[in-house]
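J.: Quick one: structure below, then a few questions.
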Amino acid sequence: MISFLPIPSYIKNINKQVSIISAFLNVRPCCRILILSFFVLFVFSSFETKAQSSSKLAEFCAATAGDDATYLKDFVIELDAAGADGKSPEQMFTLLLSKNSEYRFTVCNAEGSAGKAIFQLHDISKLYVTSYNASTGQTYQSVNFQCQKTGAYHLKVSFLDGKKGSAVVVVSFIRTL
Amino acid sequence: MVRKISFIAIGVLLLSVCMYVIYINSSLNIKDNLNVPYEEINKGVVDVEEEAVKSITENISSPVEIAALIKSLGVPFNKGFLAPTEYADNYSTNYAQAFALGVFSADLGYLNMYNKTGSVIDYLSTIKKLADAINVGQYFDFATLKRLAANSANIDSLKYISVHSFNQMDQSLRQRKRGNLSSLIIAGAWLEGIYITVQVAKNNTDSRLTDKIGEQKIILADLMTLLISYAKDPIFRNYVSEFNQIKSKFDMVQITFEQGEPITIEENGMLTVIQKDKSIVHVTTEQLNDISKTIEAVRERLIRK
């Protein structure tokens, strides 16, 4: 009877890890050092690559914003796919915008990102900007916002259809109104 | 053969460990070269949640906007508004260095906005010196900035890298639980930005300038929340006390709000949203003069430290 019971996945994983460790211990010491070295190098380079790629994406996105835009800030977004409840994860940022200023919000998806990022700008009482028109299905890479009320605004970013993805939103200053 | 492989492997291992140590040193080395003991630096930091600090600091407006407003009014460039870089050698604590870093960053924004690439190098090297002193110099690509400043055609790249470098410094300080220094950079940049604005307002009565000064009440309220969170530290408390003097003058300013529905227009594929809500600043000439005098006095005391 017992043999028909499914083996829990965490036990399977432990078995897998034990076999990897024993295989590692069975190799020659010199090879062990070699494997460890590559592992350390891999971990080190992956940290660096991640930081560099988001920085490169921000730079690319700032250039995409246009010649009339002066870069102010970028927000890096990394979100998992929607869970079982179907609700799309979202990331929220708070920023202060000033009266008599025109801003541009530009979104750029990372290379290989499964999801397409969309954003909304709202304050405590109202939604002002959305880069996605749900009725037409159209998305906008950039949206300008002419601010007439100084205060805190919230930038909410998510990925269409609850997909996993990574992106950058760049906020630029356009002009004094 | 086995020995050869062992030597290579040990070599690779040593190299990777060295690279890792260099990486850790460049990004996390916070004990070296500090004039204030490390324990002092971190006092009060635990009281502020990282997310709370993040939401406050992202609220503080950029000196770029103030410089753009001044330029749009047709006000000519005035070097006399800038903080003298000679003061930079006098700053003996990390607090003073961080604060001055903010001040000179606002000056850099003003210089960049007027395309004054000739004077930029002096400010860039001062900023680099101060950034190194508080161990965030690695985020300030001085060589590239200096090269860009040599040619006024590179002004857009210069603006981008300057602002991006400051954002990275700010992020790094907060990640390394040195939000107290980050908040002083922000405070310095804010004070210098508003100082330049009040200087311009002395000879210009454009309502947008008056609005810009008056609305700083909202921004200062956020900044005070940030500064007060580190006020357990006696050295830091002095900055809070100085900024409180400015805040007391802004308390007299009234800001009211009007409601309206936003309008969306699409032109050449670009979507523009025009806000119809309005914030209205009510400030008298007397109040403006009071604000102006207090800002000048506080700035004078803080930048001479």
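J.: Can you go through A:Asp123, A:Asp74 and tell me which one is among the acidic types (Asp, Glu), in contact with a Phe, Trp or Tyr (Cβ under 6 Å, 6 or more places away or on another chain) and in contact (Cβ under 8 Å) with a residue 12 or more places away in the chain?
T.: A:Asp123
J.: From the list A:Val157, A:Val169, A:Val107, A:Val129, which residue is at the interface with another protein chain (Cβ under 9 Å from one of its Cβ atoms) and hydrophobic (A, V, I, L, M, F, W, C)? Show your work before the answer.
T.: Values: A:Val157 fails: at the interface with another protein chain (Cβ under 9 Å from one of its Cβ atoms); A:Val169 fails: at the interface with another protein chain (Cβ under 9 Å from one of its Cβ atoms); A:Val107 fails: at the interface with another protein chain (Cβ under 9 Å from one of its Cβ atoms).
None of the others qualify; the one that does is A:Val129.
J.: Another question about this same structure. With the requirement that a residue be assigned to a helix (DSSP H, G or I) and either surrounded by fewer than 17 Cβ atoms within 10 Å (Cβ to Cβ) or within 14 Å of chain A (Cβ to nearest Cβ) (or both), what does segment B:229-243 give you?
T.: Keep residues of segment B:229-243 that are assigned to a helix (DSSP H, G or I), which gives B:234-243.
Result: B:Pro234, B:Ile235, B:Arg237, B:Asn238, B:Ser241.
J.: Separate question: Within segment B:77-114, work out how many residues are in a helix (DSSP H, G or I) and either of a type in the set (Phe, Trp, Tyr) or at positive phi (or both).
T.: To start, the set of residues in segment B:77-114 that are in a helix (DSSP H, G or I) comprises B:79-81, B:85-90, B:94-113.
Retained after the next criterion (residues that are either of a type in the set (Phe, Trp, Tyr) or at positive phi (or both)): B:81, B:87, B:95, B:99, B:104, B:110.
Count: 6.
J.: Can you find even one residue in segment B:190-209 that is over 26 Å from B:Asn112 (Cβ atoms), over 15 Å from the mean Cα position of the chain (by Cα), among the basic types (Lys, Arg) and surrounded by fewer than 21 Cβ atoms within 10 Å (Cβ to Cβ)?
T.: no
J.: Now for a separate question. Any residue at all in segment B:153-161 that is open to solvent by 10 Å² or more (accessible area, probe 1.4 Å), free of Cβ contacts under 8 Å to residues at least 60 places away in the same chain, away from every other protein chain (no Cβ under 11 Å) and touching a helix residue (DSSP H, G or I) at 6+ places or on another chain (Cβ under 6 Å)? Working first, answer last.
T.: Applying the first criterion (open to solvent by 10 Å² or more (accessible area, probe 1.4 Å)) to segment B:153-161 yields B:153-157, B:159-161.
So of that shortlist, the ones also free of Cβ contacts under 8 Å to residues at least 60 places away in the same chain come out as B:153-157, B:160-161.
Still in the list and also away from every other protein chain (no Cβ under 11 Å): B:153-154.
Applying the additional criterion that residues be touching a helix residue (DSSP H, G or I) at 6+ places or on another chain (Cβ under 6 Å) yields B:154.
Yes, because at least one residue in segment B:153-161 is open to solvent by 10 Å² or more (accessible area, probe 1.4 Å), free of Cβ contacts under 8 Å to residues at least 60 places away in the same chain, away from every other protein chain (no Cβ under 11 Å) and touching a helix residue (DSSP H, G or I) at 6+ places or on another chain (Cβ under 6 Å).
J.: Still on this structure: Can you find, within segment B:262-304, the residue that is farthest from B:Gln216 (Cα to Cα) among those that are of a type in the set (Asp, Glu) and surrounded by 15 or more Cβ atoms within 10 Å (Cβ to Cβ)?
T.: Applying the first criterion (of a type in the set (Asp, Glu)) to segment B:262-304 yields B:266-267, B:277, B:286, B:290, B:296, B:300.
From the residues that got through so far, the ones that are surrounded by 15 or more Cβ atoms within 10 Å (Cβ to Cβ) too are B:277, B:290.
On the way: B:Asp277: 18, B:Asp290: 14 Å.
The qualifying residue farthest from B:Gln216 (Cα to Cα) is B:Asp277.
J.: Ok, one more. Please determine whether any residue of segment A:86-97 is among the basic types (Lys, Arg), open to solvent by 40 Å² or more (accessible area, probe 1.4 Å) and in contact (Cβ under 8 Å) with a residue 60 or more places away in the chain. Before the answer, list the steps.
T.: Keep residues of segment A:86-97 that are among the basic types (Lys, Arg), which gives A:87.
Imposing the further condition that a residue be open to solvent by 40 Å² or more (accessible area, probe 1.4 Å) reduces the set to A:87.
The next check asks that each one be in contact (Cβ under 8 Å) with a residue 60 or more places away in the chain; those that pass are A:87.
Yes, segment A:86-97 contains at least one residue that is among the basic types (Lys, Arg), open to solvent by 40 Å² or more (accessible area, probe 1.4 Å) and in contact (Cβ under 8 Å) with a residue 60 or more places away in the chain.
J.: Taking strands (runs of 3 or more DSSP E) that fall entirely within segment A:46-152, which contain at least 2 residues that are at pLDDT below 90, of a type in the set (Ser, Thr, Tyr) and touching a strand residue (DSSP E or B) at 6+ places or on another chain (Cβ under 6 Å)?
T.: On the way: elements: A:70-79, A:90-97, A:101-109, A:117-122, A:127-130, A:142-147.
Here the list reads A:70-79.
The values are calculated or read from the model by the stated rules, or taken from the named source; none is laboratory data. This structure is a prediction, so every number in the text was calculated from the model and none was measured. Here Cβ is always computed from backbone atoms with ideal geometry, including for glycine, and neighbour counts include all displayed protein chains. What goes into the accessible areas is simple: the full protein's heavy atoms, side chains included, and nothing from ligands, DNA or RNA. Shrake-Rupley method; radii C 1.70, N 1.55, O 1.52, S 1.80 Å.
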